[in-house]
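Step one of this worksheet: look at the structure below.
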Amino acid sequence: AKKYFKKEFDLYRDQTALYHFLRLRIDTHDVSDDEYLLEAKNIITADFQSIVAASYDKLKKHDEVKKYVLRTLLLDDSAACLGALCSPYRKDELRVVDCVQEDTVCVLESSTTTINVAIHNDGIIQHFEPNHFADCFHYSIGDSEISPLLFSKCNDVVTFQSNEYTVSKIIPTSAFFSAYAMQRLIAEGRGVETINAQDPTAFLEQIKIL
């Protein structure tokens, strides 16, 4: 079947054939970072961005997995890959940031409202308008609209979309999205196991069972 779908794509550039070819490569543990994966990267739909993420997961390229999972969710915030953002914290998720910069979410407050602004590197949002995943406005670092926010610190007063706000929090995007994904998965009851333990030893034993 893999050869059939590969031939269909090679001959007719059929996107459905490409999708099934990549899906079968994942299922048969035969993934390569090649021209077929590059083709998929350039098809701006949630299905294709998700299959790119799954391919990189097989290749154990974790930064690429995060990138394409996030692109998937910015196209379709109901996508099934939400849980991929809930990995254990890495060093970049634990870092403390003291100013608004690339790969941060800044929480802006006024007397009447609170908004979250996520600022991404240039590779995340390309050739599409993002949705409001994780209750955020999403921008690339080079977008002029967020220029007044850059390098501001907590308690600074800034102007965004012609309104004044106070910067109340600055959080690494990876930590913010991981916490959001975990909260949403728990709220939706998706893939969540409840652990009832009276002490740390019992807690560890239940984790082993899971």
* Structure fact -> Taking N as the number of residues in the chain, the ratio of its alpha carbon radius of gyration to 2.2 N^0.38 Å works out to 1.20
* Separation between the residue 161 and residue 35 pseudo-spin-labels, each 7 Å from Cα along Cα→Cβ, expressed in nm? -> 4.4 nm
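Highest mean first, how do 104-113, 69-78, 6-15 rank when packing is the count of other Cβ atoms within 10 Å averaged over residues?
Numbers: 104-113: 16.9, 69-78: 21.2, 6-15: 13.7.
Per-residue mean Cβ counts within 10 Å order the peptides as 69-78, 104-113, 6-15.
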* Asked: How do 138, 62, 29 stack up against each other in accessible area, from largest to smallest, with a 1.4 angstrom probe?
  -> 29, 62, 138
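So, R0 is 41 Å and r is the distance between the beta-carbons of residue 4 and residue 95; what FRET efficiency does that work out to, to 0.05?
Details: r = 47 Å, r/R0 = 1.16.
So, using R0 = 41 Å, E works out to roughly 0.30.
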* Structure fact -> Taking protein heavy atoms only, a 1.4 Å probe, and rounding to whole percent, the accessible area of the chain owed to carbon and sulfur comes out at 51 percent
* How much length, in nm to one decimal, is gained on full extension between residue 132 and residue 153, taken as 0.36 nm per residue of separation minus their Cα-Cα distance? -> 5.2 nm
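Counting other C-beta atoms within 10 Å, and keeping those with at most 16, which DSSP coil trypsin sites (Lys or Arg not before Pro) do you find in segment 95-169? Don't skip to the answer; put the middle values down first.
Numbers: sites: 95, 153, 169; in loops: 95, 153.
Passing sites in segment 95-169 are 95, 153.
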* Asked: Under a point-charge model restricted to the Cβ atoms of Lys and Arg (+1) and Asp and Glu (-1), what is the dipole moment magnitude of the chain relative to its Cα centre, in debye to the nearest 20?
  -> 660 debye
* Asked: To the nearest 20 debye, what charge dipole does segment 5-97 have about its Cα centre, counting +1 at the Cβ of each Lys and Arg and -1 at the Cβ of each Asp and Glu?
  -> 320 debye
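The values are calculated or read from the model by the stated rules, or taken from the named source; none is laboratory data. Model, not experiment: these values are computed from the prediction. Cβ sites come from the backbone with ideal geometry, for glycine too, and all protein chains shown count toward neighbours. Only protein heavy atoms, including side chains, enter the accessible area calculation; ligands, DNA and RNA are left aside. Shrake-Rupley method; radii C 1.70, N 1.55, O 1.52, S 1.80 Å.
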